[in-house]
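Engineer: Just passing along the structure, written as C-alpha cells.
Please treat every number below as a calculation from the coordinates, not as lab data. Every value quoted in this text rests on a predicted model; they were computed, and no experiment measured them. Cβ atoms come from the backbone with ideal geometry, glycine included; neighbour counts cover every protein chain shown.
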Amino acid sequence: MFFSKHNILNYFDSIITEREYDISKADEKFFTKLIKDYDLNLNFTLLIDDALHSLKSAKRANLKTIGILNNNDKKDFIDNCDVIINSIGELNEESINNCWK
C-alpha cells in the first residue's frame with residue numbers, strides 16, 4: 001500500500017476510499033455520511049487528495065484538506081485547501097499539522 005511504502009501510515013487511524021460508499025467524493029454527501037458513520041471528530045479529520053472536486057466537497061462538509069498539486073494549477077486549489085503540497089512525497093507531520101494553524 002502507498003502509505004506503508006512512504007512510511008506515513010502511522011499518521012492515520014483509518015484510510016477510507018469512495019469504493020466503500022456508493023457516492024462520489026465530488027458529492028458533499030460522501031463526506032457528511034462518512035462523518036456520521038464513523039462518528040468523526042472534525043478536529044482530527046483530514047482529506048488528502050489531488051482531485052479538485054473532492055477537495056471542494058470536503059470543504060463544504062467542513063473538513064480540513066491537503067491538496068496535492070500533481071501538475072494541477074495551484075490557483076484552483078487555494079480556496080479549497082488548508083495546505084497545498086506538490087506531491088504526496090511532501091506529506092509529512094508538519095504538513096498535516098499545518099492544516100490546523
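Engineer: At a threshold of 8 angstrom on Cα-Cα distance, excluding pairs fewer than six apart, so keeping six or more, what relative contact order does the chain reach in percent?
Structural biologist: 20 percent
Engineer: Right, another one. Between beta-carbons, use under 9 Å as the cut-off and find the net charge around residue 47, counting Lys and Arg +1, Asp and Glu -1.
Structural biologist: Numbers: positive: 25, 59, 64; negative: 49.
Once all neighbours under 9 Å are counted, the net charge is +2.
Engineer: In addition: Quick one: net charge around residue 84, please, counting Lys, Arg +1 and Asp, Glu -1 for every other residue with C-beta under 15 Å from its C-beta. Intermediate results must be reported in sequence, preceding the final value.
Structural biologist: Values: positive: 56, 59, 64, 74, 75, 101; negative: 49, 50, 73, 76, 79, 82, 90, 94.
Its environment carries a net charge of -2.
Engineer: Still on this structure, I have one more. Given the chain, report the % of alpha carbon pairs whose separation exceeds 21 Å.
Structural biologist: Counting pairs separated by more than 21 Å, the tail of P(r) holds 30 percent.
Engineer: By how many nm would the segment from residue 87 to residue 72 lengthen if fully extended, with 0.36 nm per residue of separation less the alpha-carbon distance? Each step should come with its number before you reach the end.
Structural biologist: Working: separation 15, 0.36 × 15 = 5.40 nm, distance 1.05 nm.
Gain on stretching residue 87 to residue 72: 4.3 nm.
Engineer: Using amide H atoms built 1.01 Å from N in the peptide plane, name the residues 5+ places from residue 65, or on other chains, whose amide H lies under 5 Å from its own.
Structural biologist: When sequence neighbours closer than 5 places are left aside, the close amide H contacts are 47, 82, 83.
Engineer: What full-extension length gain, to one decimal in nm, is calculated for residue 4 and residue 21 as 0.36 nm per residue of separation minus the Cα-Cα distance?
Structural biologist: On the way: separation 17, 0.36 × 17 = 6.12 nm, distance 2.33 nm.
Result for the pair: 3.8 nm of gain on full extension.
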